[in-house]
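Student: Got a structure for you, written out below as structure tokens; questions coming shortly.
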Amino acid sequence: MDTDTVSNADNAGDDLVEILRRDFGDAVLHEQHTLTGMPVLWVTPAALTDVLGYLKGLSAPFDLLYDLSAVDERLRSDRRGLPPADFTVFYQLLSVTRNADVMLKVALSADDLSLPTVTGIFPAANWYEREVWDMFGISFAGHPHLTRILMPPTWSGHPLRKDYPARATEFDPYTLTVEGQDREQEAMRFDPEAWGMKRERNGAEFMFLNLGPNHPSAHGAFRIVLQLDGEEVVDCVPDIGYHHRGAEKMAERQSWHSFIPYTDRIDYTGGVMNNLPYVLAAEKLAGIEVPERVKVIRVMMAEMFRVTSHLLFLGTFLQDLGAMTPVFYTFSDRQRGYEVIEGITGFRMHPAWYRIGGVMQDLPQGWEKLVQGFVDWMPPRLREYERAMMENAIVRDRTRHVAAFNTAEALEWGVTGPNLRATGCNFDLRKQRPYSGYEQFDFEVPLGHNGDVFDRGQLRIEEMRQSLRIIQQCVDHMPAGDYKADHPLTTPPPRERMLEHIETLITHFLQVSWGPVLKPQESLQMVEATKGINSYYLTSDGNTMSYRTRIRTPSFPHLQQIPSVMRGGFVPDLIAHLGSIDFVMADVDR
């Protein structure tokens, strides 16, 4: 499609769906009506790359490939009106300019599981296509390196297919012989030529160095293979999957309620922030509107976890730069935050406290004093961190103009959250697409200027200030009312009613033992989590559990971006950059 046609389409006042139908005709097969809050269009495989390129080429472009994954449709019983498909691959695009999303879906038959790669349009598609190949066995013609990414290279089968076992008891007993161990070890050996790397330049050999997967600067079970010329990073290859636990597969065998504790373990520093997109997406499926008190409680606890997560980031970030003392101070303040969280929820890191329809219990007596004490304590501490750390000449020398990237580069690689805002891009879902009542709160969105290591560190201190501002408003204006919705699908009835009416008792028994049955539909909820945008895309087939749960995490694309940022840099700069990303491997591997 020529650029004039793209421009004319972009300037037209028509709806985006009508524009695509007009310009692509029969290639747009079907518009699916969902609860995702965006247009969902099925297109032919042959037109896929043209439509994606078209959307990216608009003058107000869909320039961020937010997510790319697949669904095994073969056991799905309710597919009324949808094109025939054994497997579906979906592409979710986000436009910062429009503050809008669009999803494209492609239907595939089991005897032809292949699509063209879209890495030439969206570089961020590289890892996502590898994940789809790994989990579903769908190939992408033209992909530069289509290999396993989460499972070991020797793995057999594709775990997210419906015919793949979901429980350990369904597998044969595991044994590892000496021969098998040697085979696994050999599979881990890095082959530079396979990645298009040369072993020498101008007669001098490069050094290939493993950083991780057991190295403190790798921030978890993360391996990055460096191609070095002295201290210069000529190229590097991030290697993930060491922390993979199959959370999306687990969702297929847990009830809608019982999966909540699993969400806590995704970004394990984010606590209830992980519960929020899941329960909001489930509430869309159930048609539940929660009371105002629930919304404010959820916001308050999510922002508490934003502060504790950012404190962990700040201490380890400065430790990576060589400052040993700050981590002890930030961890001490983090413990103060956990005392508040424990006092309200009963747990510290993984409270699993949100519920579909509300929260586990009402705020305890005396909660205001507990929260207010923390809100009063933290602002002077944040100023002290700035004075002693971010204004330190050595820290500035190590971080200013290091590992910098601009907004366009960030969007190209799917970067969201603080790392995107550090480039000066003002995009925060709490402001642009308020959820859970965030539109009722007065706060600012901190922005950086240079998109470098320094800005990524400084910006999170500013974000903590704004989180404290939000928490203070929660303390000052906590609404009265119930802590859960009065909804029979997901919320247990009051005990006195349950003891009086047999129908209520039966309903309660079924909801607790089996879990609620949610009508066939698809929903999606995105939130501004601690590390970027996190979302849950839920597909219900009219059962007590999810047919497909897609967890999109921010850390996954953030690690994929590392080579493009670090080529030509130096090893100390890489360590500083890894610290500034703020990732945990459970948020990458899921």
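Student: Do we find a residue being among the basic types (K, R) and over 27 Å from L285 (Cα atoms) anywhere in region 481-495?
Tutor: Taking region 481-495 first, the residues among the basic types (K, R) are 484, 495.
After this cut, where a residue has to be over 27 Å from L285 (Cα atoms) as well, the list is none.
Scanning region 481-495, I find no residue that is among the basic types (K, R) and over 27 Å from L285 (Cα atoms), so the answer is no.
Student: Also, quick follow-up: Could you list, in sequence order, all residues of region 38-61 that are closer than 18 Å to Y537 by Cβ and either modelled with pLDDT under 90 or touching a Lys or Arg at 6+ places or on another chain (Cβ under 6 Å) (or both)?
Tutor: W42
Student: For region 153-177: of the residues being surrounded by 10 or more Cβ atoms within 10 Å (Cβ to Cβ) and among the hydroxyl-bearing types (S, T, Y), which is nearest to G241 (Cα to Cα)? Steps first, please.
Tutor: Taking region 153-177 as the starting set, the residues that turn out to be surrounded by 10 or more Cβ atoms within 10 Å (Cβ to Cβ) are 153-155, 157-162, 164-166.
Applying the additional criterion that residues be among the hydroxyl-bearing types (S, T, Y) yields 154, 164.
Details: T154: 13, Y164: 19 Å.
The residue in question is T154.
Student: Those residues that are in a loop (DSSP other than H, G, I, E, B) and within 18 Å of C474 (Cβ to Cβ), I need them from region 338-354; list them, please. If you could, list the steps in order and put the result at the bottom.
Tutor: Looking only at region 338-354, we keep the residues that are in a loop (DSSP other than H, G, I, E, B), and these are 346-353.
Within region 338-354, P351, W353 meet the criteria.
Student: Looking at this structure, is P520 under 34 Å from the mean Cα position of the chain (by Cα), over 28 Å from M301 (Cβ atoms), assigned by TED's automatic domain parsing to the domain that holds R253 and not charged (D, E, K, R)?
Tutor: Yes: the conditions hold for P520.
Student: Looking at this structure, is P520 over 19 Å from R421 (Cα atoms), surrounded by fewer than 17 Cβ atoms within 10 Å (Cβ to Cβ) and without any contact (Cβ under 8 Å) to a residue 24 or more places away in the chain?
Tutor: Working: over 19 Å from R421 (Cα atoms): yes; surrounded by fewer than 17 Cβ atoms within 10 Å (Cβ to Cβ): yes; without any contact (Cβ under 8 Å) to a residue 24 or more places away in the chain: no.
Criteria not met by P520.
Student: Can you find a residue that is surrounded by 14 or more Cβ atoms within 10 Å (Cβ to Cβ) and closer than 26 Å to P238 by Cβ anywhere in region 96-107?
Tutor: Yes: one or more hits.
Student: Could you say which residue among R306, R334 is basic (K, R), within 26 Å of N392 (Cα to Cα) and within 20 Å of the chain's Cα centre (by Cα)?
Tutor: Checking each option against the conditions leaves just R306.
Student: Under 6 Å by Cβ, and 6 or more places apart or on different chains, what pairs join a residue from region 561-590 that is in contact (Cβ under 8 Å) with a residue 40 or more places away in the chain and part of a helix (DSSP H, G or I) with one that is buried (at least 23 other Cβ atoms within 10 Å of the Cβ) and of a type in the set (K, R)?
Tutor: Partner pairs satisfying both residue conditions: S580/R456.
Student: Anything in region 470-504 that is at pLDDT 90 or above and hydrophobic (A, V, I, L, M, F, W, C)? List them, or say none.
Tutor: I470, I471, C474, V475, M478, A480
Residue-by-condition table, conditions (1) over 18 Å from P554 (Cα atoms); (2) modelled with pLDDT of 90 or more; (3) under 19 Å from the mean Cα position of the chain (by Cα); (4) not in a loop (DSSP other than H, G, I, E, B):
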site	(1), (2), (3), (4)
F427	no, yes, yes, no
F443	yes, yes, no, no
H449	yes, yes, no, no
G457	no, no, no, yes
E462	yes, yes, no, yes
L468	yes, yes, no, yes
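Student: Here's another thing I want to ask about it. Taking M301, is it without any contact (Cβ under 8 Å) to a residue 60 or more places away in the chain, closer than 14 Å to I471 by Cβ and of a type in the set (A, V, I, L, M, F, W, C)?
Tutor: Criteria met by M301.
Student: Could you pull out the residue among G532, G568 that is surrounded by fewer than 18 Cβ atoms within 10 Å (Cβ to Cβ), at pLDDT 85 or above, on the phi > 0 side of the Ramachandran plot and within 29 Å of the chain's Cα centre (by Cα)?
Tutor: On the way: G532 fails: surrounded by fewer than 18 Cβ atoms within 10 Å (Cβ to Cβ).
Selected residue: G568, the only one of G532, G568 that is surrounded by fewer than 18 Cβ atoms within 10 Å (Cβ to Cβ), at pLDDT 85 or above, on the phi > 0 side of the Ramachandran plot and within 29 Å of the chain's Cα centre (by Cα).
Student: Further question: Going residue by residue through region 123-130, is there one that turns out to be out of contact with any Ser or Thr (no Cβ under 7 Å at 6 or more places or on another chain) and over 24 Å from P213 (Cα atoms)?
Tutor: Among the residues of region 123-130, at least one is out of contact with any Ser or Thr (no Cβ under 7 Å at 6 or more places or on another chain) and over 24 Å from P213 (Cα atoms), which makes the answer yes.
Student: Out of the residues in region 136-151 meeting the condition of being out of contact with any Ser or Thr (no Cβ under 8 Å at 6 or more places or on another chain) and either acidic (D, E) or within 18 Å of L559 (Cβ to Cβ) (or both), tell me which one is surrounded by the fewest Cβ atoms within 10 Å (Cβ to Cβ).
Tutor: Checking each candidate, the answer is T147.
Student: Out of all the residues in region 371-382, is one or more touching an Asp or Glu at 6+ places or on another chain (Cβ under 8 Å), basic (K, R) and closer than 27 Å to F454 by Cα?
Tutor: yes
Student: Just the residues that are closer than 14 Å to Y536 by Cβ, outside any helix (DSSP H, G or I) and not β-branched (V, I, T), please, taken from region 266-317.
Tutor: D267, G270
Student: Based on this model, can you work out whether P116 counts as under 26 Å from S546 (Cα atoms), surrounded by 11 or more Cβ atoms within 10 Å (Cβ to Cβ) and not hydrophobic (A, V, I, L, M, F, W, C)?
Tutor: Taking the combined requirement at face value, the residue does not satisfy it.
Student: Same structure, new question: Counting just the residues of region 242-265 that are among the hydrophobic types (A, V, I, L, M, F, W, C) and assigned to a loop (DSSP other than H, G, I, E, B), which one comes out farthest from H487 (Cα to Cα)? Can you show your working first?
Tutor: Within region 242-265, the first condition is being among the hydrophobic types (A, V, I, L, M, F, W, C), and the residues that meet it are 247, 250-251, 256, 259-260.
Adding the requirement that they be assigned to a loop (DSSP other than H, G, I, E, B) leaves 251, 256, 259.
Numbers: A251: 23, W256: 15, F259: 19 Å.
Only one residue tops the list, namely A251.
Student: Strands (runs of 3 or more DSSP E) wholly in region 18-100 with at least 2 residues that are in the same structural domain as A110 (by TED's automatic domain parsing) and over 26 Å from the mean Cα position of the chain (by Cα) - which ones?
Tutor: 28-32
Student: Return the only residue of R433, R469 being touching a residue at least 60 places away in the same chain (Cβ under 8 Å) and either outside the structural domain of L94 (by TED's automatic domain parsing) or hydroxyl-bearing (S, T, Y) (or both).
Tutor: R433
Student: Oh, and also: If you scan region 178-202, which residues turn out to be in contact (Cβ under 8 Å) with a residue 24 or more places away in the chain, exposed (fewer than 12 other Cβ atoms within 10 Å of the Cβ) and over 32 Å from the mean Cα position of the chain (by Cα)?
Tutor: Answer for region 178-202, where residues must be in contact (Cβ under 8 Å) with a residue 24 or more places away in the chain, exposed (fewer than 12 other Cβ atoms within 10 Å of the Cβ) and over 32 Å from the mean Cα position of the chain (by Cα): just R201.
Student: Looking at region 321-333, which of its residues are crowded, with 20+ Cβ neighbours inside 10 Å and either assigned to a helix (DSSP H, G or I) or at pLDDT 90 or above (or both)?
Tutor: P326, T330, D333
The values are calculated or read from the model by the stated rules, or taken from the named source; none is laboratory data. Since the model is a prediction, treat every value here as computed from it, not as a measurement. Reconstructed Cβ throughout: ideal geometry from the backbone, glycine too, with neighbour counts over all protein chains shown.
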